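The structure under discussion is supplied below as structure tokens; questions concerning it will follow.
The values are calculated or read from the model by the stated rules, or taken from the named source; none is laboratory data. What you see is a predicted model, and the numbers here were worked out from it, not measured in a lab. Virtual Cβ from ideal backbone geometry, glycine too; neighbours counted across all protein chains shown. All accessible areas refer to the heavy atoms of the entire protein, side chains included, with ligands and DNA or RNA removed. Shrake-Rupley method; radii C 1.70, N 1.55, O 1.52, S 1.80 Å.
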Amino acid sequence: MLNPRLLRRTLHSVFALLIFISTLPILSIVSTAEAAQDRPRIGLVLGGGGARGMAHVGVLKVLEEMRIPVDCIAGTSMGSIIGGLYASGMTLDDMEKTLASINWPEVFRDGPPRADLPFRTKQEQRVLLSATVGLNRDGVQLPKGLLEGQNLLLLLEKLSLPVASVRDFDKLRIPYRAVATDLATGEPVVLGSGELALAMRASMSIPSALVPVRLDGKLLVDGGVSNNLPIDVVRKLCRPDVIIAVDVGAPLAPDSELSSVLSVTNQLTTILTVRNVVEQIRTLGKKDILITPNLHDVSSLNFDRSPEAVHFGTIAAQGRQSDLSRLSVSPAAYQAYLAALLPAPGLEELPVIDFIRVSNNTRLSDQVIEQQLRIQPGDRLDPQKLNRNLNEIYGMGNFQRVTYTLIEENGKTGLVVDTVPNDIGTNTLQFGLFLGANSKGDSEFDISAAYTMSELNSLGGQWRNFLQLGGNIALTSDFYQPLDADQEYFINPYLRYERYNLDLFNEADGQSTSFRVRRTQIGLEVGRNLERWGRLSLGLGYSGGENELRIGQPSGYEGRFNDSGYAIRWQMDTLDNLNFPTSGYASNLTFRDSLAAFGADQNFSALSFDFAHAYTWGQYSVIPRVRLAGRTSGEMGVENLFLLGGFLNLSGYQSGQISGEYTALGQLIYMYRLDNASAAFTIPLFAGGSLEIGGAWSDYEDISVDSLIPAGSLFLGVDTPLGPFYLAGGLAEGGNASIYMLLGRLF
């Protein structure tokens, strides 16, 4: 029989052991503070504030200079990023240099530079806007934010790469917590484990601007909505004796500045942030220290002004030097504190990738994704190259997010590429828009929509139906089918019907003639994508229709026509921006041959060439451009004449006012960017002009230098979300002048 006294002692021992085990996590967190028993534990709180949060680096610099130990860190939004990187072991010198060198417009833009997009996507951009909505059985599916944050997450993964394998934030160099907000409940969510980069990204999910992050079954947005200065979080994290809290939130705007929907919306968000910050500040004790940097006119979006924000943070911390000095320790004690910290993981040498694994939940085959990777087993990891590569995969348009993690299995390092399907689904709707008017009373309006069904098979087959209404009517259906996992070869059968006005001007008698052209095309295009910079294709098909006279005298051009045949096309496009390019080039060389054997009215062939290259120095850009076209054999119908006239097409003349079987046009376009190109979330604004010279001829023998027409233009341009907007004036030889207002693609 058991001795009751012995049983009680045994139970007491077990109970004491359980209590000891349960306190181990807390003991591990506070162990760094206990390395110096004669000093208080210090918890650091870094608040959110967008770009204003970069002032935290200046505060941290002063803390280090004053030898003030930090035992734990909690941060929100930008405070979570600065705090997370510092907790991971990044030095402040490296952090400051990194912040100053980041291309912030690229960080807050989804996907790769335009030059790295698939060629088919580049061609879409010539008629469609980039905004996309989903369409499925449940109805229209809108994106959850303006940006996915793909580039931001890849940047954070690169910066936190030394601790990529750390999944417990208590095991970082300094214990750390990030704060986000549960979108469903509005409650703060404290993140203390998982992937550091994803936790920081979730904490900075600016509502409406960045898509929320789904973690552990919760949809997370910016922590500033619920707890922008997480003083309570740091209290629970390491039970500090003293808290240093840094508040960088933007103040409320006066009523005189609340003059737009955007300013009112921003004010409502700020009200939520200010209220929860005030509640947290009220919990500070007499020993605690609050630092509020005066950031002057640095707004939450001025990421390009990081050096100024850091400087203002330094000044603010120095202003509290008398209060902070009581927390300063001796050089020996500070060295003891540093020695007691967990070692900074660091990457003395980037790892060699032993194996690659794809985590793919889309309809695309894993092989398609693997073939787009530019890294092979046995290669040493190159984070910058890998990020560009993953962005290229993201640019295929099938994914919500493309990221990576490094894992260790059986002593080998593996690269896991994770692809997340689009939130809006595989069936999407896009729109296009063109508006034009000039001082002569001519106007044009075209609106278009494209319904695309993607991922129809494992190679990424895509069926698109396109409708355009307005002055020009078009209905197109095409099926684009890659033939290999490399996405190099493709076939593209298509059906197209169009109706448009064709206005011609006879300079000899000063009379205008206008036709309504109706055309039907059925064909098949086969070709090869030349990586992402170009495409070589061969098209075969039927093309026929009718020219109806609208205005003018009866013409022999009236009636039905058939110009079926084939076309060989070589296209190149590396422009960084289709609307206002500042780098790259675009070229199109096309040989078209209409053959009686294919049903054409007569044999006819033509060759056309278009080339433009953009060069930039600071805010100045110059774009030389040349266009040449001409008949090489046979006779041309009016529907195939080459046209000049309109903005940047012998500006001053009206669209179609100059036409012929041979045309030539040379241009030098100049642009000056009026706003800050290094600032994030800006709408580019340009002023510019063009010098142009060209002409059109009916016979080859008429071509001469003396017959070339000089022209030019001046314009203001804005790259709006609806497309480029131009307000321009053009002048050409003979006193021909026009004023233009255009919304739509030109390049």
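Residue 670: among the aromatic types (Phe, Trp, Tyr) and open to solvent by less than 30 Å² (accessible area, probe 1.4 Å), yes or no?
No, not satisfied.
Here is a further query. Please find, within segment 216-260, the residue that is surrounded by the most Cβ atoms within 10 Å (Cβ to Cβ) out of those that are at pLDDT 95 or above and assigned to a strand (DSSP E or B).
246
Test each condition in (1) closer than 30 Å to residue 739 by Cβ; (2) part of a strand (DSSP E or B); (3) open to solvent by 20 Å² or more (accessible area, probe 1.4 Å); (4) not basic (Lys, Arg) for residue 429 and report the one that comes out false.
That leaves (1) as the condition not met.
Another question about this same structure. Those residues that are of a type in the set (Phe, Trp, Tyr) and more than 21 Å from residue 623 (Cα to Cα), I need them from segment 697-728; list them, please.
Passing the criteria: 697, 700.
List the pairs whose first member sits in segment 696-712 and is in contact (Cβ under 8 Å) with a residue 40 or more places away in the chain and under 22 Å from residue 730 (Cα atoms), whose second member is acidic (Asp, Glu) and surrounded by 13 or more Cβ atoms within 10 Å (Cβ to Cβ), and whose Cβ atoms are under 8 Å apart, counting only residues at least 6 apart or on separate chains?
Pairs found: 709/733; 711/692; 711/733; 712/692.
Search segment 721-731 for residues being in contact with a strand residue (DSSP E or B) (Cβ under 8 Å, 6 or more places away or on another chain) and open to solvent by 10 Å² or more (accessible area, probe 1.4 Å), and hand back the single one that is nearest to residue 659 (Cα to Cα).
Among those that are in contact with a strand residue (DSSP E or B) (Cβ under 8 Å, 6 or more places away or on another chain) and open to solvent by 10 Å² or more (accessible area, probe 1.4 Å), it is 731.
Do we have residue 76 as of a type in the set (Val, Ile, Thr), surrounded by fewer than 21 Cβ atoms within 10 Å (Cβ to Cβ) and modelled with pLDDT of 90 or more here?
Judged against the criteria, residue 76 is not a match.
I'm checking my understanding of the structure. Among residues of segment 281-309 that are open to solvent by 30 Å² or more (accessible area, probe 1.4 Å) and of a type in the set (A, V, I, L, M, F, W, C), which one is modelled with the lowest pLDDT?
Per the stated criteria, the residue is 301.
In segment 441-520, which strands (runs of 3 or more DSSP E) lie fully inside it and hold 2 or more residues that are more than 27 Å from residue 369 (Cα to Cα) and of a type in the set (Phe, Trp, Tyr)?
Hits in segment 441-520: 489-506.
Now for a separate question. Across segment 149-201, what is the number of residues that are of a type outside the set (Val, Ile, Thr) and within 13 Å of residue 73 (Cβ to Cβ)?
The qualifying residues number 13.
Run residue 387 past the list (1) over 18 Å from residue 160 (Cβ atoms); (2) of a type outside the set (Val, Ile, Thr); (3) surrounded by 15 or more Cβ atoms within 10 Å (Cβ to Cβ) and report the number of the one that doesn't hold.
Checking residue 387 against (1) over 18 Å from residue 160 (Cβ atoms); (2) of a type outside the set (Val, Ile, Thr); (3) surrounded by 15 or more Cβ atoms within 10 Å (Cβ to Cβ), the one that fails is (1).
Pull out all pairs, ordered by first then second residue, where Cβ-Cβ is under 7 Å, the residues are six or more apart or on different chains, the first lies in segment 468-493 and is in contact (Cβ under 8 Å) with a residue 40 or more places away in the chain and of a type in the set (A, V, I, L, M), and the second is open to solvent by 40 Å² or more (accessible area, probe 1.4 Å) and in a loop (DSSP other than H, G, I, E, B).
485/459
Give segment 226-253 a look and list any residue that's within 15 Å of residue 187 (Cα to Cα) and touching a helix residue (DSSP H, G or I) at 6+ places or on another chain (Cβ under 6 Å), or say none.
Passing the criteria: 227, 228, 229.
Let me ask something else about it. Is it true that residue 527 is assigned to a strand (DSSP E or B), surrounded by 14 or more Cβ atoms within 10 Å (Cβ to Cβ) and touching a Leu at 6+ places or on another chain (Cβ under 6 Å)?
yes
Hey, another quick one. Quick check: is even one residue across segment 162-177 in a loop (DSSP other than H, G, I, E, B), open to solvent by 30 Å² or more (accessible area, probe 1.4 Å) and among the hydroxyl-bearing types (Ser, Thr, Tyr)?
Within segment 162-177, one or more residues are in a loop (DSSP other than H, G, I, E, B), open to solvent by 30 Å² or more (accessible area, probe 1.4 Å) and among the hydroxyl-bearing types (Ser, Thr, Tyr).
Go through (1) under 27 Å from the mean Cα position of the chain (by Cα); (2) closer than 17 Å to residue 80 by Cα; (3) open to solvent by 40 Å² or more (accessible area, probe 1.4 Å) one by one and return the number of the condition residue 213 breaks.
For residue 213, the failing item is (3).
Pick from segment 532-554 the residues that are surrounded by 14 or more Cβ atoms within 10 Å (Cβ to Cβ) and not in a strand (DSSP E or B): which of them is nearest to the chain's Cα centre (by Cα)?
Of everything passing the filter in segment 532-554, 532 is nearest to the chain's Cα centre (by Cα).
Related question: Which count do you get for residues in segment 555-571 that are of a type outside the set (Gly, Ala, Ser), at pLDDT below 95 and either out of contact with any helix residue (DSSP H, G or I) (no Cβ under 9 Å at 6 or more places or on another chain) or surrounded by fewer than 16 Cβ atoms within 10 Å (Cβ to Cβ) (or both)?
The qualifying residues number 2.
Restricting to segment 310-332, and then to whatever is assigned to a helix (DSSP H, G or I) and of a type in the set (Gly, Ala, Ser), can you tell me which residue is most open to solvent (accessible area, probe 1.4 Å)?
In this case the residue turns out to be 322.
Oh, and also: Go through segment 191-210 residue by residue and tally those that are closer than 25 Å to residue 268 by Cα and open to solvent by 10 Å² or more (accessible area, probe 1.4 Å).
Looking only at that region, the number is 4.
What's the number of the only condition in (1) open to solvent by less than 70 Å² (accessible area, probe 1.4 Å); (2) more than 21 Å from residue 721 (Cβ to Cβ) that residue 463 fails to meet?
Failing condition for residue 463: (1).
Is segment 499-515 home to any residue that is over 30 Å from residue 727 (Cα atoms), surrounded by fewer than 18 Cβ atoms within 10 Å (Cβ to Cβ) and either within 35 Å of the chain's Cα centre (by Cα) or among the polar types (S, T, N, Q) (or both)?
Checked segment 499-515: no residue is over 30 Å from residue 727 (Cα atoms), surrounded by fewer than 18 Cβ atoms within 10 Å (Cβ to Cβ) and either within 35 Å of the chain's Cα centre (by Cα) or among the polar types (S, T, N, Q) (or both).
Given the criteria assigned to a loop (DSSP other than H, G, I, E, B) and farther than 20 Å from residue 288 by Cβ, does residue 186 qualify?
yes
Which one of 344, 339 is under 21 Å from residue 72 (Cβ atoms), modelled with pLDDT under 95 and in a helix (DSSP H, G or I)?
Unique residue meeting the criteria: 339.
Would you be able to say whether some residue in segment 277-290 is without any contact (Cβ under 8 Å) to a residue 40 or more places away in the chain and of a type in the set (S, T, N, Q)?
no
I'd like to check something: does segment 394-413 contain any residue that is part of a loop (DSSP other than H, G, I, E, B), open to solvent by 50 Å² or more (accessible area, probe 1.4 Å), within 23 Å of residue 656 (Cα to Cα) and of a type outside the set (Lys, Arg)?
Within segment 394-413 (the criterion being part of a loop (DSSP other than H, G, I, E, B), open to solvent by 50 Å² or more (accessible area, probe 1.4 Å), within 23 Å of residue 656 (Cα to Cα) and of a type outside the set (Lys, Arg)), the answer is no, since none of the residues qualifies.
Now for a separate question. Which number in (1) among the charged types (D, E, K, R); (2) under 28 Å from residue 388 (Cβ atoms); (3) open to solvent by 30 Å² or more (accessible area, probe 1.4 Å) marks the one condition that residue 444 misses?
Every listed condition holds for residue 444 apart from (2).
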